[in-house]
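Visitor: Could you have a look at this structure, given as structure tokens, before my questions?
The values are calculated or read from the model by the stated rules, or taken from the named source; none is laboratory data. All values derive from a computational prediction rather than experimental measurement. For neighbour counting, all protein chains shown are included, and Cβ atoms are generated from backbone atoms with ideal geometry for every residue, glycine included. These area figures cover heavy atoms from the full protein model, side chains too; ligands, DNA and RNA do not enter into them. Shrake-Rupley method; radii C 1.70, N 1.55, O 1.52, S 1.80 Å.
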Amino acid sequence: MTPADAKDRPSRATEGFFGRRHGKTIRPQQAIALEGGLREYRVDLTAQAPADLRILFKAQVSALQLEIGFGGGEHLLHRAAEAPATGFIGVEPFVNGMAKMMTALGKTPLANLRVYDDDATRLLDWLPEASLDGIDLLYPDPWPKKKHWKRRFVGAANLGRFARVLKAGGRFRFASDIDSYVNWTLLACRASGTFEWQVRDAADWHRPYEGWPGTRYEAKAIREGRRPAYLTFIRKLSGDLYCI
């Protein structure tokens with residue numbers, strides 16, 4: 001899909017954001033860090049996306065990764081610090097999570113990190129075609145009630161978005177402790193015809209990713225007796241890759 005085809009992309013008017021944006025009132029220092037941090041790190045979607053996203057970063061980067069729903073930022077901060085030659089964009093509309101991230105960046109700035117604090121689909125629709133090397137969706141809201149499953153982020157429309165912005169051979173990683181959402185994602189990716197599940201053995205999907213630092217949500221799941229799953233999919237090299 002080219003920029004000229006933008007009118008053919010899914011309309012935001014037909015979709016809704018279902019997650020919470022606010023939790024506990026943030027402290028004054030967090031509010032200051034949030035305001036200042038967003039001025040420096042926020043991706044501006046009112047401007048046209050650059051053909052080469054690497055110019056968004058102060059650091060010289062050679063690869064680009066997106067993390068959707070980074071929560072408190074434990075995983076994203078870890079990855080950005082250990083891979084300074086990769087540019088990371090993190091999405092988190094929950095104000096408290098973004099405030100925590102901006103507080104951390106105020107103490108330890110990262111030149112290879114940018115953020116977006118609204119609905120991830122808006123960013124996905126703004127990004128150029130085949131611009132990302134990887135997408136992480138880690139412990140997304142599971143919407144466990146069957147009547148709410150349609151609200152889950154993984155679905156035909158968003159997998160189409162992933163396929164459009166991922167490079168051929170790009171990687172989509174999904175982690176969850178909710179069995180029904182894991183099965184849902186496996187079936188959705190298979191139905192898309194776009195993503196191929198990467199699995200080496202029967203225990204592979206319960207094995208954390210290499211270099212995995214863990215997250216608060218994962219620790220809570222394990223404490224409560226739920227076993228996390230870690231899925232990896234590769235965007236296929238050919239086919240009708242982003243028909244939604």
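Visitor: May I ask you to rank Trp212, Trp197, Trp205 by accessible area, largest first, using a 1.4 Å probe over the protein chains only?
Guide: These residues rank, largest area first, as Trp197, Trp205, Trp212.
Visitor: Could I ask something else about it? Once Lys and Arg get +1 and Asp and Glu get -1 on their Cβ, which of Pro144, Leu38, Ala63 lies farthest toward the positive end of the dipole of the chain?
Guide: Farthest towards the positive end: Pro144.
Visitor: GNM on the chain, C-alpha springs below 10 Å: top fluctuator among Gly87, Gly193, Gly170?
Guide: Sorting by GNM fluctuation, first place goes to Gly193.
Visitor: Does the chain come out rounded, prolate or oblate, given a ≥ b ≥ c as the square roots of the eigenvalues of its C-alpha gyration tensor, rounded meaning a/c under 1.5 and, failing that, prolate meaning a/b above b/c?
Guide: Rounded is the answer for the chain, as its axis ratio a/c remains below 1.5.
Visitor: Is region 94-143 best put as rounded, prolate or oblate by its Cα gyration tensor, with a ≥ b ≥ c the root eigenvalues, rounded for a/c under 1.5, and otherwise prolate when a/b is larger than b/c, oblate when not?
Guide: oblate
Visitor: In nm, give the distance between the simple-model label positions of Arg227 and Ala85, each being 7 Å from the Cα along the Cα-to-Cβ direction.
Guide: Between Arg227 and Ala85, the label points sit 3.8 nm apart.
Visitor: Based on the Cβ-Cβ distance from Glu40 to His78, what FRET efficiency comes out when R0 is 22 Å, to the nearest 0.05?
Guide: In this case the efficiency is close to 0.60.
Visitor: Is region 110-175 best put as rounded, prolate or oblate by its Cα gyration tensor, with a ≥ b ≥ c the root eigenvalues, rounded for a/c under 1.5, and otherwise prolate when a/b is larger than b/c, oblate when not?
Guide: It comes out prolate by the Cα gyration axes.
Visitor: Calculate what fraction, in whole %, of the accessible area of the chain sits on carbon and sulfur atoms when a 1.4 Å probe is rolled over the protein chains.
Guide: 54
Visitor: Distance in nm between label sites at Lys107 and Glu196, each 7 Å beyond Cα in the beta-carbon direction?
Guide: 4.4
Visitor: Would you check the accessible area of Arg173, probe 1.4 Å, heavy atoms only, in square angstrom rounded to 10?
Guide: Roughly 20 Å² of Arg173 is accessible to a 1.4 Å probe.
Visitor: Moving on to the next point. Multiply the residue gap between Ala59 and Arg151 by 0.36 nm, knock off their C-alpha separation, and tell me the result in nm, one decimal place.
Guide: Here the answer is 29.5 nm.
Visitor: If you don't mind, another one. Between Tyr139, Tyr41, Tyr217, find the one with the highest GNM mean-square fluctuation for the chain; connect C-alpha pairs within less than 10 Å.
Guide: Greatest mean-square fluctuation among the candidates belongs to Tyr217.
Visitor: If you don't mind, another one. For n ≥ 4 DSSP H runs only, could you compute -39500 (n - 2.57) per run for the chain, divide by its residues and tell me the 222 nm figure to the nearest 500?
Guide: Rounded to the nearest 500, it is -9000 deg cm²/dmol.
Visitor: Taking R0 as 41 Å, what's the FRET efficiency between Ala168 and Ile32 from their Cβ-Cβ distance, rounded to 0.05?
Guide: After rounding, the FRET efficiency stands at 0.45.
Visitor: List the lysines whose Cα sits under 26 Å from the Cα of Lys236, skipping any in the same chain fewer than 8 residues away.
Guide: Within the straight-line cut-off, Lys236 pairs with Lys7, Lys150, Lys167.
Visitor: With every protein chain kept in place and ligands, DNA and RNA left out, what is the accessible area per residue of region 102-196? Probe 1.4 Å, answer in Å².
Guide: 39
Visitor: Heavy atoms only, probe 1.4 angstrom, no DNA, RNA or ligands counted: give me Lys236, Lys150, Lys220, Lys145 ranked by accessible area, highest first.
Guide: From most accessible down to least: Lys150, Lys145, Lys220, Lys236.
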